[in-house]
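Structure, as structure tokens:
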Amino acid sequence: MPLYVGLSITNIDIIETELDAAKALKELETEVCLGFDTESKPIFRKGQTSPGPTLIQLATENKAFLFPTRFPFAVSSAGAILCNPSIQKIGFGIKGDNKELRHKLNINIVNTQDLSVELKHIVGDENQIGARAAVAMVLKYRLGKGAQKSNWGQYPLHEHQILYAANDAHSAICVKNLLSEYGLLKT
């Protein structure tokens, strides 16, 4: 399968200043549905616990916004969107993301749809279907996962991490839109 390309680096905004946060909030608060994901610094030692999400990703069909949690204004603006009941947040396996956001960043995300669960019911499988399998099944592309286990705690992020993070959230909105177009999902 061809590689899922998704968004280019020019269509990805990293929220690094208060002005960036205000602009992102203004753009995103008018959306009805967003792709959503988080990234956390991987833990490699037994007994260590995750410090929580280090990056929150939100995506429209045309643009992605990356909110590094090291900046309080980025957390605040992402939180305003995630807590907005008028905007649906779409992702894969988001139960863990929701728990981490609530416990580590005090963000109570509302109005979510987990495509892993939805696709499980659509195909009649026993197991949830992750982003990689969903992109292959629905979009007919291969979702690269090379940056998945990279160090999300470092800053600034490398370009391959930026593209990976943005397109993880972007792929969710694309899968959801195509499934909705075929009448397989409630919008």
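The values are calculated or read from the model by the stated rules, or taken from the named source; none is laboratory data. Because the structure is a prediction, the values reported are computed rather than measured. Backbone-built Cβ (ideal geometry, glycine too); neighbour counts: all protein chains shown.
Take the conditions touching a residue at least 24 places away in the same chain (Cβ under 8 Å) and not in a helix (DSSP H, G or I) and apply them to residue 81. Does it pass?
Numbers: touching a residue at least 24 places away in the same chain (Cβ under 8 Å): yes; not in a helix (DSSP H, G or I): no.
For residue 81, the condition - touching a residue at least 24 places away in the same chain (Cβ under 8 Å) and not in a helix (DSSP H, G or I) - is not met.
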message = All but one of (1) more than 19 Å from residue 170 (Cβ to Cβ); (2) in contact (Cβ under 8 Å) with a residue 12 or more places away in the chain hold for residue 14; state the number of the condition that does not hold.
response = (1)
So residue 86, is it small (Gly, Ala, Ser), assigned to a loop (DSSP other than H, G, I, E, B) and in contact with a Lys or Arg (Cβ under 8 Å, 6 or more places away or on another chain) = no
query = In the list 157, 178, 184, which residue meets the criterion of being over 25 Å from residue 16 (Cβ atoms), hydrophobic (A, V, I, L, M, F, W, C) and assigned to a loop (DSSP other than H, G, I, E, B)?
reply = 184
query = Can you tell me which of 122, 107, 129 is at pLDDT 95 or above and surrounded by 15 or more Cβ atoms within 10 Å (Cβ to Cβ)?
reply = 107
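Report whether or not residue 57 is over 26 Å from residue 128 (Cα atoms) and either of a type outside the set (D, E, K, R) or not in a loop (DSSP other than H, G, I, E, B) (or both). First the steps, then the outcome.
On the way: over 26 Å from residue 128 (Cα atoms): no; either of a type outside the set (D, E, K, R) or not in a loop (DSSP other than H, G, I, E, B) (or both): yes.
So residue 57 does not fit the description; no.
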task = Tell me, yes or no, whether segment 33-43 has at least one residue that is within 25 Å of residue 132 (Cβ to Cβ), among the β-branched types (Val, Ile, Thr) and outside any loop (DSSP other than H, G, I, E, B).
result = yes
key: Complete set of residues in segment 162-178 that are free of Cβ contacts under 8 Å to residues at least 60 places away in the same chain and either within 15 Å of residue 54 (Cβ to Cβ) or buried (at least 24 other Cβ atoms within 10 Å of the Cβ) (or both)   = 164
inquiry  = Condition first: under 16 Å from residue 90 (Cβ atoms) and touching a residue at least 40 places away in the same chain (Cβ under 8 Å). Now tell me which residues in segment 129-150 satisfy that.
reply    = 131, 134, 135, 138, 139, 143
query = Does residue 140 fit the bill of being farther than 21 Å from residue 4 by Cα, out of contact with any helix residue (DSSP H, G or I) (no Cβ under 9 Å at 6 or more places or on another chain) and among the charged types (D, E, K, R)?
reply = no
request  = Scan segment 89-128 for residues that are part of a loop (DSSP other than H, G, I, E, B) and either in contact (Cβ under 8 Å) with a residue 24 or more places away in the chain or polar (S, T, N, Q) (or both) and jot them down.
outcome  = 92, 93, 94, 106, 107, 108, 109, 110, 111, 127, 128
